[in-house]
Amino acid sequence: MTDTYKIAIVGAATIRGKELNEVLAESLFANADFSLLDDESRRGQLEAIGDEVTFIQRVEPSSFDGVDFVFFAGSPEATSKYWQAAQRAGASIIDLSDALENEPGVLVGAPWLEEVESLNLTTPAVIPAHPVSVALALLLARLQELASVRSVSATVLEPASEYGSPALDELHHQTVGLLNFQTQPKVIYDTQVAFNIAPVTGAEAKVDLRASEARIRRHYALLAGTRLPMLPVQLLHAPVFHGHGISLAVDFEKSVALEHVEATLSGEHIDIVMGDSDSDVPNNLNTVGQSDVMVRVRAADGGTQETSRFWIWASIDNLKFSALNAVATATELRKLRPQGKVQ
């Protein structure tokens with residue numbers, strides 16, 4: 001008998017929920033029985049799951065009866081409100097909202113890097129590690145295979161889509177308002193983000209860049225353990241809608257050739273891009289829809305001789321990468337559920 005699972009997505013109408021829905025439809029869970037859940041305002045909205053079209057239902061405590069996996073892809077408030085009901089129903093919980101990190105026993109993971117040895121059916125929830133943390137850990141794990149890393153630091157450019165549709169809308173309206181000499185809305189950021197690189201947001205902002213930066217550092221440290229080098233991270237909010245950009249400065253203990261760095265990095269989940277044409281260089285536009293970290297490497301001095309210092313520019317589709325990591329996490333949990341509750 002084939003495996004049959006019942007999967008619920010809480011926050012299915014959000015941009016993160018929609019991306020997760022699409023990734024699940026192309027995964028090992030494509031034949032699962034799906035429930036798309038959100039708040040009352042989204043009830044009745046139509047969404048596609050693969051070739052099927054279904055209605056979004058209002059989330060209720062009883063929505064989790066018989067469910068094997070619950071993905072929380074909406075607001076932290078919704079996750080905090082309903083996750084215990086999902087736990088009581090016996091579901092495996094994957095939290096993309098980052099609401100549960102301080103709950104006892106909750107794990108942060110990235111199966112592409114290593115299996116979570118302590119994972120079992122009594123684990124309250126698993127938080128897929130921040131996509132930037134996963135990308136950084138993938139890069140550093142491979143770089144250390146080539147040579148010891150003396151020092152490394154990262155500057156991360158963050159898109160508006162990290163904070164959902166309201167942030168996207170505000171960036172859009174600020175851009176239009178500035179071009180038309182109109183008042184800018186500042187409900188989400190409490191500062192101008194259009195045409196501006198912002199290291200912090202306003203005092204009344206609904207988002208907190210410092211908290212996002214701390215989360216990236218914290219998740220990287222959990223993935224790195226004692227195996228990977230310490231990594232200072234600076235997060236800046238960029239005036240773009242989608243896609244993280246990562247500028248990584250690496251200093252090896254010895255000089256190595258550029259082509260050896262590229263060869264070492266190349267492999268599963270990392271796509272090395274060579275050349276300097278506009279269509280080749282990774283950016284937040286051509287990364288959209290890509291499953292891998294797109295990477296360009298160059299010597300820090302711009303030369304072609306062996307050197308110890310390199311600039312690595314990487315770009316990821318933040319929503320796609322996050323959804324893929326979440327589904328990889330569910331695939332690990334699937335080993336504990338060889339047969340779903342739905343028969």
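Any read-out appearing in this document is the output of simple, stated calculations on the displayed coordinates, not a laboratory observation. Every value quoted in this text rests on a predicted model; they were computed, and no experiment measured them. Please note: Cβ atoms are built from the backbone with ideal geometry, for glycine as well, and neighbour counts cover all protein chains shown.
Counting charges near ARG215 (Lys, Arg +1; Asp, Glu -1) among other residues having Cβ under 13 Å from its Cβ returns a value of -4. Specify the inter-centroid distance of the stretch 82-147 and the stretch 290-308, based on alpha-carbon positions, in whole Å. Between the Cα centre of the stretch 82-147 and that of the stretch 290-308, the gap is 30 Å. Summing charges over neighbours of ALA300, with a neighbour being any other residue whose Cβ is under 10 Å away from its Cβ, gives 0 when K and R count +1 and D and E count -1.
Exposure proxy ranking for GLU306, GLU101, based on other Cβ atoms within 10 angstrom of each Cβ and starting from the fewest, stands as GLU306, GLU101. A helix-only calculation puts the chain at -9000 deg cm²/dmol for mean residue ellipticity at 222 nm, using -39500 (n - 2.57) for each DSSP H run of at least four residues, averaged over all residues. Take every Cα pair under 8 Å whose residues are at least 6 apart in sequence, average their separation, divide by the length of the chain, and the relative contact order is 19 percent. If the cut-off is 18 Å between C-alpha atoms, which lysines fall inside it for LYS186, apart from same-chain ones fewer than 8 positions away? Partners within reach: LYS206. Shape of the chain from the C-alpha gyration tensor: oblate (a/c of 1.5 or more and a/b not above b/c, with a ≥ b ≥ c the square roots of its eigenvalues). Let me know the shape class of the stretch 107-260, please: from the alpha-carbon gyration tensor, a ≥ b ≥ c as square roots of the eigenvalues, rounded when a/c is under 1.5, otherwise prolate if a/b is greater than b/c, or oblate. Here the stretch 107-260 falls in the oblate category.
Each Lys or Arg adds one and each Asp or Glu takes one away; over the other residues whose Cβ falls under 9 Å from the Cβ of SER92, this sums to +1. Averaged over residues, the count of other Cβ atoms within 10 Å places the peptides 152-163, 73-84 in the sequence 152-163, 73-84, highest first.
Legend: ranking of residues SER212, SER165 from fewest to most surrounding C-beta atoms inside 10 Å; resulting order SER165, SER212. Rounded to the nearest 20 debye, the dipole size of the chain about its Cα centre is 620 debye, using +1 on the Cβ of Lys and Arg and -1 on the Cβ of Asp and Glu.
Listed by Cβ neighbour count within 10 Å, with the fewest neighbours leading, ARG88, ARG16, ARG334, ARG217 appear as ARG88, ARG334, ARG217, ARG16.
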